[in-house]
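Structure, as C-alpha cells:
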Amino acid sequence: MEIERKFLLNKIPDNLETYEKIDLEQAYISTEPVIRVRKKVSAKSEKYILTVKSTGLMSRQEFELDMEEKAYNNLIHKADG
C-alpha cells in the first residue's frame, strides 16, 4: 500500500554531503494504469524496478518487481511523454 505524503523542511541539513546519495532515473510507460520503470543507483548497489500502481490519489496498491538492466533499457525508450 502506498500513501502519498509530502514534507516541508525548515532548512537543508548541515553536512549534507555526508549523507548517502541515491541517484534515481525513472520514466512512466503508462499513466492509466500507472506503470513506471526506475533505475536506482547508490554507492552500494544498482537496481532496476518495474512498478505498477492501482487507481487512487491519496492511497493505492503498489507492486514493485526487480528487473534486469537490459529490460529496463528497452522499456525506458517507450516512456509516455
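The values are calculated or read from the model by the stated rules, or taken from the named source; none is laboratory data. Everything numeric here is computed off the predicted structure, so don't read it as measured data. Note that we place each Cβ from the backbone using ideal geometry, even for glycine, and neighbour counts take in every protein chain shown. Surface areas here come from the heavy atoms of the whole protein model, side chains and all, with no ligands, DNA or RNA. Shrake-Rupley method; radii C 1.70, N 1.55, O 1.52, S 1.80 Å.
Couple of notes before you dig in:
- Note on the range 39-48: residues that are touching a helix residue (DSSP H, G or I) at 6+ places or on another chain (Cβ under 9 Å) and either open to solvent by 80 Å² or more (accessible area, probe 1.4 Å) or touching a residue at least 60 places away in the same chain (Cβ under 8 Å) (or both) amount to 1.
- Of everything listed in (1) surrounded by 13 or more Cβ atoms within 10 Å (Cβ to Cβ); (2) within 13 Å of the chain's Cα centre (by Cα), the single unmet condition for E25 is (1).
- Among the residues listed as R36, R60, the single one being surrounded by 12 or more Cβ atoms within 10 Å (Cβ to Cβ) and modelled with pLDDT under 90: R60
- L8 in a strand (DSSP E or B) and open to solvent by 40 Å² or more (accessible area, probe 1.4 Å): no
- If you go through the range 11-22 and keep only what is in contact with a Lys or Arg (Cβ under 9 Å, 6 or more places away or on another chain) and open to solvent by 100 Å² or more (accessible area, probe 1.4 Å), you end up with just E20.
- So T51, is it in contact with an Asp or Glu (Cβ under 9 Å, 6 or more places away or on another chain), among the polar types (S, T, N, Q) and surrounded by 13 or more Cβ atoms within 10 Å (Cβ to Cβ): yes
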